[in-house]
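Where a number appears in this text, it was derived from the coordinates with a stated rule and is not lab data. These numbers were taken from a predicted model, which means no experiment stands behind them. No Cβ is skipped: glycine too gets one built from the backbone with ideal geometry, and neighbour counts run over all protein chains shown.
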């Protein structure tokens, strides 16, 4: 709780944490049981405290996004391994090098959406990415190109790298739980833009589509950048022909190839861009 919002006369938790660090060193004060529960990392990491940790990961970004006045987002999913065009010679495969064009498309899309966002004081249509390299970097970079802010939802991985340098520092978050991170991607989403990517991108894309398909999330502009890529790796019509999805489900998303195409679809979306808060 911020100091200016305190409405009670009780001693602040920060004061007690400071005092607890300065108490006499005795066998009793060194015992784990004596630590303040909310300042005890070992206690907070116990299995029994998992529900509390889940709640904290839901609350912290939500509270900070509220404090920044963020009302809606434009979500970008896409491959971390896609290089910017000037570095495509370092790509692992020729296909990745060819896909580098989508770095620039993602950057331009983000730039255009951020210009639109600035008309609302940066409260609406804020770019949100996974905070990593590749397409994610391009998304945050496009916002920074025009002096806008953007969100990065990072997650701790065994090969963890720092968030990309273009994420707005005060809107850069780190997660332990994939499930809570996915909720934050979609809780304010006005549109979902999916660029070529791998397992992570596919996971995020299909989970989001499933939420819309099953009515657990309001339909939003769902844009797949790079029709040739998506048709090559997924036989969408075969799913419909097999009956595992309905023909109507193929209308839940649209293929686009340029940033302007995507912006036009979002601007002409019939439902007035209502945020998709999951309750």
*Hey, with R₀ at 45 Å, roughly what FRET efficiency would residue 232 and residue 40 work out to, going by the Cβ-Cβ distance, to 0.05?*
0.30
*asked:* Between residue 251 and residue 22, what is the label-point separation in nm under the 7 Å Cα-to-beta-carbon projection?
replied: 6.8
_Please check: in the Gaussian network model of the chain (C-alpha springs, under 10 Å), which one of 221, 51, 85 has the largest mean-square fluctuation._
51
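Translational diffusion coefficient, Stokes-Einstein: compute it for the chain using the Kirkwood radius over C-alpha pairs as Rh, at 20 °C and 1.002 mPa s, and state it as an integer in µm² s⁻¹. Please report the intermediate quantities before stating the final value.
Details: Rh = 20.7 Å.
The estimated diffusion coefficient comes to 104 µm²/s.
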*Using a Förster distance of 45 Å, how high is the FRET efficiency between residue 101 and residue 49, based on the Cβ-Cβ distance and rounded to 0.05?*
0.45
_Equivalent ellipsoid semi-axes - Cα gyration tensor, segment 190-265, angstrom_ = 18, 16, 12
*Degrees, to the nearest 10: 101-118 long Cα axis against longest axis of the chain*: 60
*So what's the angle, to the nearest 10 degrees on a 0 to 90 scale, between helix 50-67 and the longest Cα principal axis of the chain?*
70
*With springs connecting C-alpha atoms under 10 Å apart, model the chain as a Gaussian network and identify which of 219, 262, 91 has the largest mean-square fluctuation.*
91
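Determine, for 45, 172, the number of other Cβ atoms within 10 Å of each Cβ, and report the residues in order from fewest to most. Working shown, then result.
Values: 45 11, 172 17.
In increasing order of surrounding Cβ atoms, one gets 45, 172.
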*Looking only at 145, 264, 25, which one moves most when the chain is put into a Gaussian network model with springs between Cα atoms under 10 Å?*
25
*Roughly what would the spin-label model give for residue 240 and residue 30, points 7 Å off Cα along C-beta, in nm?*
7.1
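What's the ranking of 6-14, 103-111, 126-134 by average number of surrounding C-beta atoms within 10 Å, highest first?
Result, highest mean Cβ count within 10 Å first: 126-134, 103-111, 6-14.
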_Projected label distance in nm at residue 203 and residue 63, using a 7 Å step from Cα toward the beta-carbon_ = 2.8
_Considering only C-alpha atoms, what is the centroid distance from segment 4-54 to segment 77-123, in Å?_
43
*Calculated FRET efficiency, residue 89 and residue 183, Cβ-Cβ r, R0 35 Å, to nearest 0.05?*
0.35
*the chain, helix-only ellipticity at 222 nm - DSSP H runs n ≥ 4, -39,500 (n - 2.57), divided by all residues, nearest 500*: -12000 deg cm²/dmol
